[in-house]
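For reference, the structure discussed in these notes is given below.
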Amino acid sequence: MKIYRYIWTMGFIACFCMRVNLSWAEDVQRVFMGADGRSISGTLIGYNPYEQIATIKRSDDEKFRVSLDVFSEADQQYIQKQGRVIDFMQSIKIIPILREFDATGRYDETRYKAAHVKSLGYAVSLANCSFTIFEEIEIEYCLFYRQRERRREHRMEFLHGVQYGRWELGPMIPGSRHVVETERVLIHDEKSKCTVFGDDGRAKGGVEGIWLRLVSTRPSEAGLFREFLSPGHIDNYRNWTPITVPVGLNKYSRK
């Protein structure tokens, strides 16, 4: 596993068609009490710990930036804690990019042509676009792929493989970026040819996507849990599988 760290401009990451599952209730309405006894009903949508400014959205969608010391002691504690939750769930930007690597030496090159074998893996970018420092984050991933193989009675079937792995990151300071690489999988992708009797049974495979799970490992934040799927609908046909299930060339690959 390789980890690289960079300092990146906050908010520079584009959005992709992916889904993020959050383990906390969004748009939670709360009656915030002021130190002077006045109150305001709304939702906490952001907190800057350096300026100690909370951003509250009322039910009419009006937004207000309010100094932390204006609130009651109980609300100050809520804002500080929930602000970290919001940043963990929304402001760690995740971008997985599928890459192809050199597969030389990882398989029997006398049996498979190099033009038909790919070594694929994800480079996952994680950028902290918040004002919060995250000291320790544990990440698990499942890389899903499929490979067509000849099975019983000379029939070709798609077999589904999983490459499982995990990383430990930290610290993630505001504006920082980490790039981590998954383990790579071998894909035998030789296009089938149609004949009068159907296709000729050649192998065909590919990567289906990646499923990430992020957990804060700090004891005080043990409940922070986040999922990220790319593509967002991959859980419609694949299940989270915390073990490596090799198929195709990966059963015999040379690490």
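The values are calculated or read from the model by the stated rules, or taken from the named source; none is laboratory data. The shown structure was predicted, so the numbers you read here are calculated from the model rather than taken from an experiment. Note: ideal-geometry Cβ built from the backbone for every residue, glycine included; neighbour counts use all protein chains shown.
Here are a few things to note about the model shown:
- Count - residues of region 191-230 that are modelled with pLDDT of 65 or more, surrounded by fewer than 18 Cβ atoms within 10 Å (Cβ to Cβ) and touching a Gly at 6+ places or on another chain (Cβ under 9 Å): 1
- When region 132-146 is limited to residues that are assigned to a strand (DSSP E or B) and among the acidic types (Asp, Glu), the one that is surrounded by the fewest Cβ atoms within 10 Å (Cβ to Cβ) turns out to be 138.
- All of 94, 45 fail the test of being crowded, with 17+ Cβ neighbours inside 10 Å and among the aliphatic types (A, V, I, L, M), apart from 94.
- Set side by side, the residues 242, 246 differ, and just one is modelled with pLDDT of 90 or more, surrounded by fewer than 19 Cβ atoms within 10 Å (Cβ to Cβ) and within 17 Å of residue 158 (Cα to Cα), which is 246.
- Of the residues contained in region 47-62, one or more are found to be under 25 Å from the mean Cα position of the chain (by Cα) and not small (Gly, Ala, Ser).
- Inside region 157-177, residues that are among the hydrophobic types (A, V, I, L, M, F, W, C) and closer than 23 Å to residue 147 by Cα make up a count of 3.
- Residue 78 being surrounded by 12 or more Cβ atoms within 10 Å (Cβ to Cβ) and either over 23 Å from residue 45 (Cβ atoms) or among the β-branched types (Val, Ile, Thr) (or both): no
- Qualifying residue in region 164-178 (condition: within 30 Å of residue 109 (Cβ to Cβ), assigned by TED's automatic domain parsing to the domain that holds residue 122 and either at pLDDT below 85 or surrounded by 15 or more Cβ atoms within 10 Å (Cβ to Cβ) (or both)): yes
- Hits in region 113-130 (condition: farther than 14 Å from residue 191 by Cβ and not in a strand (DSSP E or B)): 114, 129, 130
- Check on residue 55, among the β-branched types (Val, Ile, Thr), without any contact (Cβ under 8 Å) to a residue 24 or more places away in the chain and in contact with a Lys or Arg (Cβ under 8 Å, 6 or more places away or on another chain): yes
- Test result for residue 182, modelled with pLDDT of 90 or more and of a type in the set (S, T, N, Q): yes
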